1. Given points 7 Å out from each Cα along the Cα-Cβ axis, report the residue 273 to residue 29 separation in nanometres with one decimal.
2. Could you grab the relative contact order for region 37-105? Cα pairs under 8 Å, six or more apart, rounded to a whole percent.
3. What percent do you get for the relative contact order of region 203-262 when only Cα pairs under 8 Å and 6+ apart count?
4. Give me the net charge for the shell around residue 79: Cβ to Cβ below 11 angstrom, other residues only, Lys and Arg +1, Asp and Glu -1.
5. Where does the chain land on Rg/Rh, using Cα atoms and the Kirkwood Rh?
6. Say the dipole of region 1-143 comes from +1 at the beta carbon of Lys and Arg and -1 at that of Asp and Glu; which of 85, 29, 108 then lies farthest toward its positive end?
7. Cα-based Rg of region 57-99 per 2.2 N^0.38 Å, rounded to two decimals?
8. For region 11-103, what is the per residue volume of the convex hull drawn over the alpha-carbon atoms, in cubic angstrom?
Amino acid sequence: MPARTRAQLLGLAVFGIAVALIAVALTQTLMRAGIVGWDGLTYLAAGERLNAGHPLYALSPGDRPVALRPPYWTSPLLSPPPIAVLWRPLAALPNELGLGLWWITSITIMVVTVTAVARRAILPAGVALLILFPSFVGELEVANVNGYLLGGTVLVWLLARHGHDGWAGGLIALMAAIKLWPIVLIVWFLGQRRWSVVPGFVIGGVIVGLTSLVGAGIGAHFDYLAIAGSTPPSALSVAGILSAFGMNVPWISYVILVFGVLEVLALRQRPELAFSVAVATMILGSPVVNPNTFMVLFACVAPFAWRLERHVGVQEGAPERLASPEARPA
């Protein structure tokens with residue numbers, strides 16, 4: 001049996017085991033706790049507060065209750081205002097229909113993304129899914145925005161692969177407005193000297209910023225800055241993990257962020273690997289990491305499922321490279 005066939009069969013087996021583990025774990029959770037969607041409810045409550053004209057980062061009489069967990073979060077929302085603005089039309093739907101639409105769309109994006117990557121690189125996808133399956137289960141349970149960010153990160157790579165850097169920049173701006181850490185992806189484009197990403201990022205950022213100001217008010221943005229500056233590292237961030245072992249280094253996440261950025265730039269001659277490092281950096285370099293955050297690391301496989309085409313994105317002064325022999329049309 002050819003080695004490639006053996007690798008594909010092994011990949012199918014590993015991928016199947018990972019999917020089975022996710023199904024079993026998720027079923028047990030649903031049987032024990034039912035359908036909850038804590039993070040989705042948090043976004044729903046934020047949209048409802050804006051629709052009611054109430055402060056975004058504080059609870060007012062009549063607001064939907066939101067669980068707090070001092071000292072990690074003492075505010076009913078830790079995300080930037082754009083996520084709440086995005087939820088305003090969803091929150092206006094009756095009977096929590098918006099939550100259902102959000103959840104179903106997130107699950108669909110996750111399934112489509114994982115399946116698409118697995119069709120191109122079954123063994124790496126299977127191994128990644130097997131390692132990250134607890135995080136996938138967590139994301140499916142809580143209905144966070146990470147499912148969308150996983151799909152968005154892979155889509156950024158596909159846009160870059162086909163030379164649509166402007167659209168990729170706009171997508172990065174949108175994702176960074178919802179959760180700050182996807183902005184690291186811009187570093188990959190700059191390291192590749194693909195400057196056409198900048199106009200898309202700027203235009204996308206301006207559009208999202210103005211929409212957020214209109215939808216949430218300028219006061220909510222100042223409130224967010226105060227909250228972001230006072231929120232301690234989460235328990236599963238690198239700083240939080242080291243703290244559990246008695247090492248108080250709350251700044252370590254920023255060291256990882258700087259180191260990762262430098263690595264992305266240093267690996268400019270190996271763009272697929274550099275993009276994967278950027279994805280890892282935006283997760284491991286964040287001071288706020290939850291169990292379901294790690295599932296976004298699955299996007300590290302995408303550059304090896306779809307390798308860059310020859311000359312795509314090459315601009316004056318940029319390093320040229322030949323496509324890998326394995327490169328195939330999408």
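The values are calculated or read from the model by the stated rules, or taken from the named source; none is laboratory data. The structure presented is a predicted model; accordingly, all values stated were derived computationally and were not measured. Methodologically, a virtual Cβ is constructed for each residue, glycine included, from the backbone with ideal geometry; neighbour enumeration extends over all protein chains shown. Quick note on the areas: whole protein, heavy atoms, side chains included, nothing else; ligands and nucleic acids left out. Shrake-Rupley method; radii C 1.70, N 1.55, O 1.52, S 1.80 Å.
1. So the two model labels end up 3.4 nm from each other.
2. Details: 73 pairs, mean separation 28.7, N = 69.
Computed value for region 37-105: 42 percent relative contact order.
3. Details: 21 pairs, mean separation 10.5, N = 60.
In percent, rounded to a whole number, it is 17.
4. Values: positive: 179; negative: 39.
Around residue 79, the charge tally is 0.
5. Working: Rg = 20.4 Å, Rh = 20.9 Å.
Taking Rg over the Kirkwood Rh, I get 0.97.
6. 108
7. Details: Rg = 11.8 Å, N = 43, 2.2 N^0.38 = 9.2 Å.
Compared with the compact-globule rule of thumb, region 57-99 sits at 1.28.
8. On the way: hull volume 14.0 nm³, N = 93.
Convex hull of Cα atoms, per residue: 151 Å³.
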